[in-house]
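Every number here is computed from the coordinates shown, using simple stated rules; none is lab data. Everything quoted here is computed from the prediction, not taken from an experiment. Using ideal geometry, Cβ is built from the backbone for each residue, glycine included, and neighbour counts are taken over all protein chains shown.
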Amino acid sequence: MTTIMEKTTGLVAFVRTVQNGSFASASRIIGASPSAVSKSVARLEQRLGVRLLQRSTRTLRLTVEGTDYFERVAPLLQAIEEAENRVQSTDIPQGLIRVSVPVLVGRVLMAQWVAKFILLYPRLKFDLDVTDRNVDIIREGFDLALRIGTLQDSGLNARFLGHTDHILAASPKYLMRRGTPLTVDDLQHHDCLRFLIAGRPFPYAFADGSSIIPDGPLDTSDGATLRQAAIEGAGIIQIPRFAIADDIAAGTLIQVLSGFPMLISPIHALHPFGRQLPVRARLFVDFLAEQFHFYAFQPPSTVRFSPLV
């Protein structure tokens, strides 16, 4: 008779491999060698009698059976982890926190914040995914994901952290070469660097409800690339204020059209845990709310909000 332990052999290895994209990445999360993870998944496939993953020298791909199995077992594994975390003492939180954050948040803010949080709770470990892609929180196994902008209805729980305002900025050398725009219409005659969402440029949107999609030499879905290109003199960018506060203070970027306020974006932490967050995640969300308090922009009650997600 097959025991419960035998039935679950390879389950964690399989789920973590799918969520992280490779045996090597899964091994770092599990704390085993890539070879051990691969063999554990192979034994699971042998017991089930089906191929779950198609392997090549460079990639792993779910089979039809693997997709169906993953969709059924990943929520069960998450529920087990949640149950364990709910009975953890709040005095000694431990375990792994998987967090996805936008690039600018990750590079400008999150590195220093995570370092501070780990000093408070040294038994915690972070897996920080820094990307401007909207990850599938449940399928990819994240505890939290930060979003800037008005949220779409995803069925996930959200914790409001604050607001941030967007501004327009350019480098001194660009402004010396092309001049400084004085009105919104002037932007149509400037090189404007554009952030892509789902392959489309996000408009330059203002608090009075107006918006434009100016032309320019660079479109990208990476906010950090836009910032660096602006510093190098490529053009004007629309960007959250916190992301370039140090650049403005140093004079490497200069705010333009400050008399034309832009839309305000709320910041949320999304999670899939329902009403009861695991201790490790709840403590980190509370910590983020405190940190964003110093960066958040509190808008007037009449201001319009950005639809960026």
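Taking 7 Å along the Cα-to-C-beta vector as the label spot, tell me the Asp208-Ser258 distance in nanometres, rounded to one decimal.
1.9
Label points 7 Å out from Cα along the Cβ direction at Ser22 and Ile80: separation in nm?
It is 2.6 nm.
What is the distance, in nm, between label points placed 7 Å from the Cα along the Cα-to-Cβ direction at Arg58 and at Val135?
Result for the modelled spin labels: 2.4 nm.
Among Leu53, Leu120, Leu288, what is the fewest-to-most ranking by other Cβ atoms within 10 Å?
So the ranking, lowest neighbour count to highest, is Leu120, Leu53, Leu288.
For the chain: lysine pairs with Cα atoms under 29 Å, gap of 8 or more or different chains, count?
4
Quick one: putting +1 on the C-beta of Lys and Arg, -1 on the C-beta of Asp and Glu, what dipole do you get for the range 165-264 around its Cα centre, in Debye to the nearest 20?
The calculated dipole for the range 165-264 is roughly 120 debye.
Can you tally the net charge around Ala229? Count Lys and Arg as +1, Asp and Glu as -1, for every other residue whose Cβ sits under 13 Å from the Cβ of Ala229.
Cβ neighbours under 13 Å give a net charge of -2.
Fully extended, how many nm does the chain gain between Arg107 and Asp215 (0.36 nm per residue separation, minus their Cα-Cα distance)?
My answer for the length gained is 36.2 nm.
Could you size up the charge dipole of the chain around its Cα centre, putting +1 on the beta carbon of Lys and Arg and -1 on that of Asp and Glu, and report it in debye to the nearest 20?
In debye, rounded to 20, the chain gives about 940.
Within 10 Å, count the other beta carbons around each residue, average over each peptide in 15-22, 225-232, 251-258, and list them highest first.
Taking the mean over residues of other Cβ atoms within 10 Å, the ranking is 15-22, 225-232, 251-258.
How much mean residue ellipticity at 222 nm does the chain get from its helices, if each DSSP H run of length 4 or more adds -39500 (n - 2.57) and you divide by all residues, to the nearest 500 deg cm²/dmol?
-10500 deg cm²/dmol
For Leu53, which sequence-distant residues (separation of 5 or more, or a different chain) have an amide H within less than 5 Å of its own amide H, given hydrogens modelled in the peptide plane?
For Leu53, whose amide H was placed from the backbone, the distant partners under 5 Å are Thr63.
By count of other Cβ within 10 Å, fewest leading, how are Tyr69, Tyr204 ordered?
The order, fewest Cβ neighbours first, is Tyr69, Tyr204.
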